[in-house]
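Every number here is computed from the coordinates shown, using simple stated rules; none is lab data. Here the structure is a predicted model, which means the values were calculated and not measured. Cβ placement follows ideal geometry from the backbone for every residue including glycine, while neighbour counts extend to all protein chains displayed.
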Amino acid sequence: MGKSFDVRLDRLLVGLIVSAMLVVGTCDAGATAETLDGRAIVVRECAGCHQLRPPAASTFETLLDRTAPDLFYAGSKFRQEWLVDWLQDSTPIRYSGVVYLNHLGSVGDKDRIAVDTVQSCSAKLDPERAEAVTEYLMTLEDATMKTGVIEPGKKFSKPKALRLFRKQLPCIGCHTVRWGKRVMGGVSGPNLTDAGNRLNPDWVYARIENPQHWDPKTWMPRVEMSHKKRELLTLFINTMKSPARIDLEKRDAVAQGSAAPMSVFVTREAASRSEAEKNYRLYCVQCHGSRGNGRGINDTAGGLPVSPRNHLYAEEMSQLSDEELGMAIAEGGDAVQKSGLMPPWGETLSAQEIDDLVLYLRQLCRCEAGG
Ligand code: HEC
Ligand code: HEC
Ligand code: HEC
């Protein structure tokens, strides 16, 4: 509550400052490249949607209020060349919207993306303004990020990286990637087919190492791995340079017609829900579905090679003990001889939160262990 109020107050202040500036007459219409003030443009034209100052949303409720990605670490995140170009002609990066929970629709018993509710970036700057804005955005850095960690040209084993990326780790569960002609993977995270053009490799490394440092309520899990593996993933992602538009229709990921966002999981009454239910919504629904039936936006039709488990199916769920459920959640599919697409959540959620999720799953399946 307090946070979201602060954010609004923030935006109000920005609005007041902007109005004041307009009155004083610092409007730069017709200005030349030398006098363009990137910061002023950003404050005036971008701050209404984008947050330019930390902190990032740290509660479920404030997260749902996010309308655009945070830009206060843009200088650490992006490649300057990409930013200049993209701001002149922005293309979609997040097909399921900035917060996927705000854009769920349904087709039968499947969650699908209500594409007509998804907003893209409204920036369409001319080259000079794009330069000026980029120059300013590149000054917004995270001072704690280690730089010089990744040496972009370093050789690596592609087969090893592929195995890690598509088999052992859950990455393609949420991210679309391209192998040769094939475009595959989930859609609850940003499209990575073009990530090598877009992102600073040191930032990619840091984002994988600790997603919650950048965004405390991100629905990407923190996955424990060695420096070598993280470096391998980063070098691999750095080679992804094919701007591919995802054809959601073809992959049956779209709610047809004018799908209204689903209200069940998106209501602001979330505050009154149990923590376990909130955690299930934020972290599990993307694959297991808002009904828990295994038909989330990232499902087999939506691009995954293995179906997420149907948590409503009592016959199967009762064959798993509470310990087994807890272990699958904490350590992921790979640790329990299941698909590595099931992510490990033990570095993201506390032991208590995982125990509570097990209880929540028992409510969903209306079943007990060994029943
Ligand atoms: C009406 C709201 C809105 C305004 C105004 C807006 N943006 Fe955006 N912006 C978005 C949304 C929504 C996205 C996410 C698009 C996507 O992921 O496909 C986005 C994405 C971006 C990204 C990519 C961020 C990332 O982490 O991937 C950048 C950079 C950006 N905007 C810069 C700007 C700048 C600079 C301006 C002002 C000139 C601006 N935006 C104005 C809504 C807005
Ligand atoms: C459960 C879903 C999920 C899984 C699994 C997942 N991610 Fe993510 N990932 C996300 C989300 C959500 C974001 C950030 C969303 C945003 O910026 O709006 C993200 C962001 C990223 C980014 C930054 C992309 C960008 O354009 O901002 C990279 C790189 C990335 N993930 C790599 C990985 C790798 C490597 C793995 C496997 C170890 C992985 N992810 C596993 C959901 C996931
Ligand atoms: C990136 C997609 C994805 C996300 C996110 C995800 N799961 Fe899964 N989950 C799967 C897949 C796929 C399977 C099926 C694995 C198999 O059958 O080989 C699975 C299986 C499971 C199982 C059964 C494991 C077993 O031993 O049979 C449980 C329990 C489970 N998930 C709980 C959760 C919970 C709780 C969350 C949220 C904290 C979650 N999952 C988030 C994809 C996901």
Measure off 7 Å from each Cα along the Cα-to-Cβ vector at residue 252 and residue 124, then give the distance between these two points in nanometres to one decimal. 3.6
Neighbours of residue 307 by Cβ distance under 10 Å: Lys/Arg at +1, Asp/Glu at -1, summed charge +1
Explain nothing, just the number: relative contact order of the chain, from Cα pairs under 8 Å at least 6 residues apart, as a whole percent. 18
If you line up the long axis of helix 351-365 against the longest principal axis of the chain, both from Cα atoms, how many degrees apart are they, to the nearest 10? 60
Going residue by residue through region 76-91, the Karplus relation 6.51 cos²θ - 1.76 cosθ + 1.60 with θ = phi - 60° gives ³J(HN,Hα) values, rounded to whole Hz and with x marking Gly or Pro, of 7, 7, 9, 8, 4, 4, 5, 4, 4, 5, 5, 5, 8, 7, 6, 10
Going residue by residue through region 169-184, the Karplus relation 6.51 cos²θ - 1.76 cosθ + 1.60 with θ = phi - 60° gives ³J(HN,Hα) values, rounded to whole Hz and with x marking Gly or Pro, of 10, x, 3, 6, x, 10, 10, 7, 9, 10, 10, x, 8, 7, 10, 8
Positive end of the dipole of region 268-365, charges at C-beta (+1 Lys, Arg; -1 Asp, Glu), about the Cα centre: which of 343, 319, 305 has its Cα farthest in that direction? 305
Please list, ordered by chain and number, the residues whose modelled amide H lies under 5 Å from the amide H of residue 105; skip anything fewer than 5 residues away on the same chain. 112, 113, 114, 262
Using Cα atoms only, what is the angle between the long axis of helix 322-331 and the major principal axis of the chain, expressed in degrees (0 to 90) to the nearest 10? 30
Of all DSSP beta bridges in the chain, what percent run antiparallel (nearest 5)? 90
As a footprinting exposure proxy, order 103, 213, 227 by other Cβ within 10 Å, with the fewest listed first. 227, 213, 103
Check which residues have an amide H placed less than 5 Å from residue 78's amide H, if you skip close sequence neighbours. 200
Choose one of 122, 55, 40: the residue whose Cα lies farthest towards the positive end of the charge dipole of the chain (beta-carbon charges +1 Lys, Arg; -1 Asp, Glu; about the Cα centre). 122
Can you give the direction-averaged projected area of the convex hull of the alpha-carbon atoms in region 268-365, in nm²? 6.2
Dividing the alpha-carbon Rg of region 31-184 by 2.2 N^0.38 Å yields what? 1.24
Just to confirm the number: angle between the C-alpha axis of helix 227-238 and the first principal axis of the chain, 0 to 90 degrees, nearest 10? 60
Length released on extending from residue 369 to residue 347, taking residue separation times 0.36 nm less the Cα-Cα span: 5.4 nm
Quick one: putting +1 on the C-beta of Lys and Arg, -1 on the C-beta of Asp and Glu, what dipole do you get for region 268-365 around its Cα centre, in Debye to the nearest 20? 520
Counting only Cα atoms, I'd like the Rg/Rh figure for the chain, Kirkwood definition for Rh. 0.98
Under the Karplus relation 6.51 cos²θ - 1.76 cosθ + 1.60, θ = phi - 60°, what is the ordered set of whole-Hz ³J(HN,Hα) values for region 49-54, x standing for Gly and Pro? 10, 9, 7, 9, 9, x
Run the helix sum for the chain: -39,500 (n - 2.57) per DSSP H stretch of 4+ residues, divided by residue count, reported at 222 nm to the nearest 500 deg cm²/dmol. -9500 deg cm²/dmol
Relative contact order, percent, region 268-365 [alpha-carbon distance under 8 Å, six or more residues apart]: 23
Among 146/241; 146/229; 181/250; 77/217; 155/228, which pairs are too far apart, with a Cα-Cα distance over 21 Å? 146/241
Rounded to the nearest 20 Debye, what is the dipole magnitude of the chain about its Cα centre when Lys and Arg each give +1 and Asp and Glu each give -1 at the C-beta? 1060
Using +1 at the Cβ of each Lys and Arg and -1 at the Cβ of each Asp and Glu in the chain, identify which of 98, 248, 219 lies farthest towards the dipole's positive end. 248
Trypsin sites (Lys or Arg not before Pro) restricted to DSSP loop in region 81-173 with at most 12 other C-beta within 10 Å: 124, 146, 154, 155
Under a 5 Å amide H to amide H cut-off, with H placed in plane at 1.01 Å, what residues pair with residue 251 once short-range neighbours are removed? none
